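Below is one structure, written out as structure tokens; the observations come after it.
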There are 2 protein chains.
Amino acid sequence: MPPAQELTLALWQCPYLSDASRVLDRLDHAAAQARAQGADLLVCPEMSLTGYAIGAQAVQALAEPADGPMAQAVSMVARHHGLAIVYGYPERHPDGKLPYNAVQMIDGQGHRLARYAKTHLFGDVDRGQFSPGAAIAPVFVWRGWRLGLLICYDVEFPETVRVLGLQGADLVLVPTANMRAYDAVPRLLVPARACENRLWVAYANACGQDAAFEYGGLSTVAGPEGSLLAQAGRDEALLCVRLQLADGQEARALGQWPCRRPELYQALVSPSDPG
Amino acid sequence: MPPAQELTLALWQCPYLSDASRVLDRLDHAAAQARAQGADLLVCPEMSLTGYAIGAQAVQALAEPADGPMAQAVSMVARHHGLAIVYGYPERHPDGKLPYNAVQMIDGQGHRLARYAKTHLFGDVDRGQFSPGAAIAPVFVWRGWRLGLLICYDVEFPETVRVLGLQGADLVLVPTANMRAYDAVPRLLVPARACENRLWVAYANACGQDAAFEYGGLSTVAGPEGSLLAQAGRDEALLCVRLQLADGQEARALGQWPCRRPELYQALVSPSDPG
């Protein structure tokens with residue numbers, strides 16, 4: 001067995017800014033704070049660089065490729081602080097359709113490591129602004145950790161985290177823009193996803209209000225036994241949690257994996273849903 | 001839309017008895033109490049008629065067909081009180097292998113309505129005593145309610161309840177023998193199953209100790225929003241909860257069903273699991 005590998009994870013719960021020119025300064029400041037607390041990785045909310053419910057026209061205007069100017073700016077911040085960053089942004093669709101609601105992870109050397117486009121679009125706000133992603137992104141390895149990426153509504157579906165768990169994910173990172181009406185997600189579903197799959201789930205929410213919604217905060221890190229390792233309140237916060245890879249591996253060995261009966265689950269992949 | 005249909009559900013949390021001759025008397029007494037509180041349906045723990053961790057030899061000796069003497073006795077109790085009963089028993093395997101860990105529902109007229117054999121066996125205690133069931137039993141209709149049956153460890157797998165939810169289940173009944181070490185199941189996973197599938201889950205646990213285990217009680221009825229409608233403590237208890245079918249139908253209309261992406265879940269039915 002490899003030696004225990006530690007990771008200090010920071011979740012940045014912040015309001016959306018109406019003044020776009022301040023977004024990168026603010027990210028730089030949060031990255032400095034996180035690094036000062038020993039963080040190796042900073043996870044920001046969904047669409048953290050542009051705002052979330054900004055309308056189809058703004059989303060289209062701000063969308064960029066995965067290696068666009070916003071990515072380059074985040075890369076500079078990451079390199080400057082020696083800190084990996086997961087951030088959300090609108091990604092230009094190759095066919096000119098509505099952009100993707102995307103997240104990307106950039107490591108502490110400034111390299112783009114992994115990218116994911118939201119597959120489960122939520123209500124009119126998502127469907128009016130975004131095209132759905134084509135696939136659940138495969139688990140990727142960073143510093144010995146197997147990481148998965150999901151966005152907001154995705155994590156409410158047990159299937160998504162299960163797919164990542166079946167790939168051996170240690171930690172699933174979930175930038176989100178969860179409204180105050182849906183507190184059951186951080187309070188109940190996020191810990192349940194962690195527990196049933198024996199992995200960590202980090203759920204980084206926005207807070208405050210924009211023109212359309214009030215975001216509920218309650219950013220959460222849930223552990224492989226389903227326990228709440230950290231949970232923010234309603235206001236801006238930087239949560240820092242130290243994780244030991246060996247704890248998750250130990251929990252996984254006691255997990256449900258060998259007892260699954262995939263031959264009984266065919267209905268889960270059938271195209272017909274109840275009305 | 002049909003008129004609102006009410007159901008008063010009773011969960012009987014009880015210890016296993018070492019004196020088998022008292023089991024039916026005790027069931028008769030619990031049924032009388034439940035009926036006096038207006039219950040239409042009484043759900044008992046896993047293997048409620050024989051005890052759970054009684055060893056392979058005792059299980060084999062006590063196993064019977066689904067219409068055997070224990071079923072006939074429960075049918076008399078149900079008819080006498082005009083109350084449907086879900087109970088657990090060891091069911092004889094047609095090929096002489098280890099019996100099934102089964103549950104059966106008998107209606108208030110004494111008719112056998114549905115039967116299910118546990119598909120996800122838990123640890124040495126289950127695998128040493130039982131053969132696994134071959135299928136998740138289809139949802140069945142009773143008094144206008146679409147009901148599903150699962151047993152204990154089954155409900156910890158998100159796939160099982162999802163399969164029933166996809167069939168439009170309103171209420172999943174889960175007789176269980178959950179040990180005290182696994183409180184996360186009633187506290188976290190049962191409410192999450194209810195919430196993510198927008199249905200009720202009724203989880204009827206044993207309490208007290210037998211020669212092998214200490215059972216944790218905490219029998220639970222969770223509602224389609226994930227709320228705890230009722231939860232017992234550690235001791236013997238009869239929980240009664242009145243449910244309105246229309247509440248579940250309303251919740252389901254707001255649920256995730258149309259947003260699922262079954263084409264992305266193929267890994268869930270693949271036979272290979274991580275080591």
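What single numbered condition from (1) open to solvent by 40 Å² or more (accessible area, probe 1.4 Å); (2) in a helix (DSSP H, G or I); (3) facing another protein chain (nearest Cβ under 8 Å); (4) of a type outside the set (Phe, Trp, Tyr) fails to hold for B:Cys195? B:Cys195 satisfies every listed condition except (1).
Could you tell me whether any residue of region B:256-269 is modelled with pLDDT of 90 or more and more than 8 Å from every other protein chain (Cβ to nearest Cβ)? Within region B:256-269, not a single residue is modelled with pLDDT of 90 or more and more than 8 Å from every other protein chain (Cβ to nearest Cβ).
Looking only at region B:10-47, residues that are on the phi > 0 side of the Ramachandran plot and open to solvent by 10 Å² or more (accessible area, probe 1.4 Å) come to 1 in all.
Within region B:65-97, restricting attention to residues that are open to solvent by less than 10 Å² (accessible area, probe 1.4 Å) and under 16 Å from B:Gly133 (Cβ atoms), which residue is farthest from the chain's Cα centre (by Cα)? Top of the filtered list is B:Pro90. Scanning region A:182-192 for residues that are more than 7 Å from chain B (Cβ to nearest Cβ) and in contact with a strand residue (DSSP E or B) (Cβ under 7 Å, 6 or more places away or on another chain) turns up A:Tyr182, A:Asp183, A:Pro186, A:Val190. Which one of A:Val185, A:Val174 is in a helix (DSSP H, G or I), closer than 24 Å to B:Arg261 by Cβ and open to solvent by less than 10 Å² (accessible area, probe 1.4 Å)? The unique qualifying residue is A:Val185.
Against the list (1) more than 8 Å from chain A (Cβ to nearest Cβ); (2) in a loop (DSSP other than H, G, I, E, B); (3) closer than 22 Å to B:Tyr116 by Cα, the condition B:Gly168 fails is (1).
Quick check on my filter: what residues within region B:217-236 are under 16 Å from the mean Cα position of the chain (by Cα) and over 13 Å from B:Cys195 (Cα atoms)? Hits for region B:217-236 are B:Gly217, B:Leu218, B:Ser219, B:Thr220, B:Ala230, B:Gln231, B:Ala232. Note on region A:146-171: residues that are open to solvent by 10 Å² or more (accessible area, probe 1.4 Å) and touching a His at 6+ places or on another chain (Cβ under 8 Å) amount to 2. Note on region A:243-275: among residues that are outside any helix (DSSP H, G or I) and in contact (Cβ under 8 Å) with a residue 40 or more places away in the chain, the one that is surrounded by the most Cβ atoms within 10 Å (Cβ to Cβ) is A:Leu243.
Of all residues in region A:105-114 being over 15 Å from A:Glu91 (Cα atoms) and out of contact with any Ser or Thr (no Cβ under 8 Å at 6 or more places or on another chain), which is most open to solvent (accessible area, probe 1.4 Å)? Filtering region A:105-114 for residues that are over 15 Å from A:Glu91 (Cα atoms) and out of contact with any Ser or Thr (no Cβ under 8 Å at 6 or more places or on another chain), the one most open to solvent (accessible area, probe 1.4 Å) comes out as A:Gln109.
Residues in region A:115-136 that are touching a residue at least 12 places away in the same chain (Cβ under 8 Å), open to solvent by 20 Å² or more (accessible area, probe 1.4 Å) and away from chain B (no Cβ under 11 Å): A:Arg115, A:Val125, A:Gly128. Of all residues in region A:207-228, those satisfying the criterion of being surrounded by fewer than 20 Cβ atoms within 10 Å (Cβ to Cβ) and either part of a helix (DSSP H, G or I) or free of Cβ contacts under 8 Å to residues at least 60 places away in the same chain (or both) are A:Glu214, A:Glu225, A:Ser227, A:Leu228. If the condition is being hydrophobic (A, V, I, L, M, F, W, C) and within 13 Å of chain A (Cβ to nearest Cβ), then region B:215-237 contributes B:Ala222, B:Leu228.
Is there a residue in region B:29-37 that is aliphatic (A, V, I, L, M) and not in a helix (DSSP H, G or I)? So far as region B:29-37 goes, no, none of its residues is aliphatic (A, V, I, L, M) and not in a helix (DSSP H, G or I).
Contact annotation: residue pairs with Cβ atoms under 7 Å, 6 or more positions apart or on different chains, pairing a residue in region B:231-242 that is modelled with pLDDT of 95 or more with a partner that is open to solvent by 40 Å² or more (accessible area, probe 1.4 Å), are B:Leu238/B:Gln33; B:Cys240/B:Gln37; B:Val241/B:Leu229; B:Arg242/B:Glu6. Candidates in region A:137-164 are the residues that are of a type in the set (Val, Ile, Thr) and part of a helix (DSSP H, G or I); of these, the one that is nearest to the other protein chains (Cβ to nearest Cβ) is A:Val163.
Criterion applied to A:Thr50, A:Thr8 was being hydroxyl-bearing (Ser, Thr, Tyr) and closer than 28 Å to A:Gly223 by Cβ, and the one residue passing it is A:Thr8.
Only one residue in A:Ala135, A:Ala84, A:Ala58 is within 17 Å of A:Ala204 (Cβ to Cβ) and modelled with pLDDT of 95 or more, so which one is that? None of the others qualify; the one that does is A:Ala84. The single condition among (1) of a type in the set (Lys, Arg); (2) more than 7 Å from chain A (Cβ to nearest Cβ); (3) within 30 Å of A:Gly123 (Cα to Cα) that B:Arg242 does not meet is (3). All conditions in (1) within 13 Å of chain B (Cβ to nearest Cβ); (2) touching a strand residue (DSSP E or B) at 6+ places or on another chain (Cβ under 7 Å) hold for A:Ala102, with the sole exception of (1).
The values are calculated or read from the model by the stated rules, or taken from the named source; none is laboratory data. Everything numeric here is computed off the predicted structure, so don't read it as measured data. Cβ: placed from backbone, ideal geometry, glycine included. Neighbour counts: every protein chain shown. Please note that ligands, DNA and RNA were not included when accessible areas were found on the heavy atoms of the full protein model with its side chains. Shrake-Rupley method; radii C 1.70, N 1.55, O 1.52, S 1.80 Å.
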